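All remarks here apply to the structure that follows.
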Amino acid sequence: MKLSVTVTLKKDVLDPQGKVVLNTLSNLGMNELKSIRQGKYFEIDINETDEIKAVKKVDQMCQKLLVNLIIEDYKIDKL
Amino acid sequence: MKSSVIVFPGSNCDRDIAVALEKMQFKNQMIWHKETTLPKSDLIVIPGGFSYGDYLRSGAIAGKSSIIEEVIKAANSGCLVLGICNGFQILTETGLLNGTLLRNKNLKFINKDINLKVMNINSKFTAKYKANQILKINIAHNEGNYFTDRKHLDELNKENLIAFKYCDEKGIIANKSNPNGSLENIAGIFNSKKNILGMMPHPERMIDNLISNTDGVNLFSSLIN
């Protein structure tokens with residue numbers, strides 16, 4: 001089963017990279033931009049057919065390694 | 001005193017710290033990260049560098065390596081642990097120190113000598129410094145912007161667990177003297193028992209007038225006594 005993990009910075013954590021991307025896009029004439037936050041994305045192929053179990057395992061991966069829970073939030077989706 | 005320096009693929013300040021420790025009369029051993037036991041040590045140092053190429057997050061992969069379990073055990077039983085630069089990042093990833101190190105606010109890798117103020121001399125690491133002493137120490141990092149939650153920041157302040165802050169030449173701690181956007185200009189912190197110190201600046205680069213200055217010497221000589 002394939003799952004994805006999207007990792008984003010928590011709301012109150014400064015994201016200088018997102019800011020620079022936003023500034024650059026604005027310089028390219030895209031003035032309608034309000035904000036941009038940069039994150040990380042993982043595609044995980046797991047030997048598990050039961051969706052609930054698979055999500056649980058990927059959740060453990062997030063907690064143990066993929067995500068720094070102090071500054072990041074994450075979302076797991078089925079692909 | 002015996003010291004162990006943990007070496008990861010990508011560590012690049014391991015030799016420098018070994019030279020500093022030996023100069024201060026430590027009996028030092030280099031420990032490869034795949035080892036599963038640590039020799040008996042009074043001090044464990046996690047050196048600077050780019051362990052695992054900073055993949056995922058700085059220090060994240062090194063923080064899960066097999067030797068780290070032993071470091072955590074030793075730290076919890078009171079062994080002195082010093083993490084410098086990438087070593088500080090690794091210590092936060094292991095949970096031995098709270099908080100984390102974000103990308104520098106200006107998005108640039110900063111390599112320069114900056115001023116630091118010694119905030120607490122009541123620790124084994126800083127005992128030989130004078131209260132509020134101003135040091136000139138090199139920093140060289142891309143992720144040195146210390147961040148933690150409000151509760152932990154209050155604890156750091158209340159329990160006097162901030163070891164060093166970035167300041168100017170006169171010792172003034174302000175935004176202007178903050179090189180990387182670090183919360184409250186924090187450059188180094190202790191754990192609650194003060195047997196663990198994590199810091200972004202490199203004291204091991206400041207042990208000889210021939211190449212820099214000697215402002216880092218007291219950190220190591222504090223430990224040897």
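The values are calculated or read from the model by the stated rules, or taken from the named source; none is laboratory data. None of these values were measured; they are calculated from a predicted model. Glycine gets a Cβ as well: all are built from the backbone with ideal geometry, and neighbour counts include every protein chain shown.
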- Task: Report yes if B:E35 is among the acidic types (D, E), surrounded by fewer than 20 Cβ atoms within 10 Å (Cβ to Cβ), touching a helix residue (DSSP H, G or I) at 6+ places or on another chain (Cβ under 8 Å) and away from chain A (no Cβ under 14 Å), otherwise no.
- Result: yes
- Message: Between A:K64, A:K19, which is within 14 Å of chain B (Cβ to nearest Cβ), surrounded by 11 or more Cβ atoms within 10 Å (Cβ to Cβ) and among the basic types (K, R)?
- Response: A:K19
- Task: Return yes or no: is B:L101 within 18 Å of B:L161 (Cα to Cα), within 13 Å of the chain's Cα centre (by Cα), within 14 Å of another protein chain (Cβ to nearest Cβ) and assigned to a loop (DSSP other than H, G, I, E, B)?
- Result: no
- Note on the structure: For B:E93, the lone unmet condition from (1) modelled with pLDDT of 95 or more; (2) more than 17 Å from the chain's Cα centre (by Cα) is (2)
- Being touching a residue at least 40 places away in the same chain (Cβ under 8 Å), in a loop (DSSP other than H, G, I, E, B) and not β-branched (V, I, T), is that true of even one residue in the stretch A:25-36? no
- Among the candidates B:S123, B:S182, single out the residue that is touching a Gly at 6+ places or on another chain (Cβ under 7 Å) and polar (S, T, N, Q). B:S182
- Of the residues A:I44, A:I52, which is away from chain B (no Cβ under 12 Å), over 24 Å from B:L183 (Cα atoms) and assigned to a strand (DSSP E or B)? A:I44
- Answer yes if at least one residue in the stretch B:51-64 is within 15 Å of B:G198 (Cβ to Cβ) and among the acidic types (D, E), and no otherwise. no
- Condition test on B:N142, is it touching a residue at least 60 places away in the same chain (Cβ under 8 Å), of a type in the set (S, T, N, Q), within 26 Å of A:N68 (Cβ to Cβ) and out of contact with any Lys or Arg (no Cβ under 8 Å at 6 or more places or on another chain)? no
- Query: If only one of B:T92, B:T100 is in contact with a Gly (Cβ under 8 Å, 6 or more places away or on another chain) and not aromatic (F, W, Y), which one is it?
  - Reply: B:T92
- Determine whether B:K130 is at pLDDT 95 or above, in contact with a Cys (Cβ under 6 Å, 6 or more places away or on another chain) and not polar (S, T, N, Q). no
- Output the residues belonging to the stretch B:137-183 that are at pLDDT 95 or above and basic (K, R). B:K151, B:K158, B:K165, B:K170, B:K176
- Residue by residue through the stretch B:48-69, note down the ones that are over 10 Å from B:G10 (Cα atoms) and part of a loop (DSSP other than H, G, I, E, B). B:Y55, B:L56, B:R57, B:S58, B:G59, B:A60, B:I61, B:S65
- Can you pull out the residues in the stretch B:70-92 that are in a helix (DSSP H, G or I) and not polar (S, T, N, Q)? B:E70, B:V71, B:I72, B:K73, B:A74, B:A75, B:G87, B:F88, B:I90, B:L91
- Message: On the basis of being within 26 Å of B:I139 (Cβ to Cβ), surrounded by 17 or more Cβ atoms within 10 Å (Cβ to Cβ), among the hydroxyl-bearing types (S, T, Y) and out of contact with any His (no Cβ under 6 Å at 6 or more places or on another chain), does B:S58 make the cut?
- Response: yes
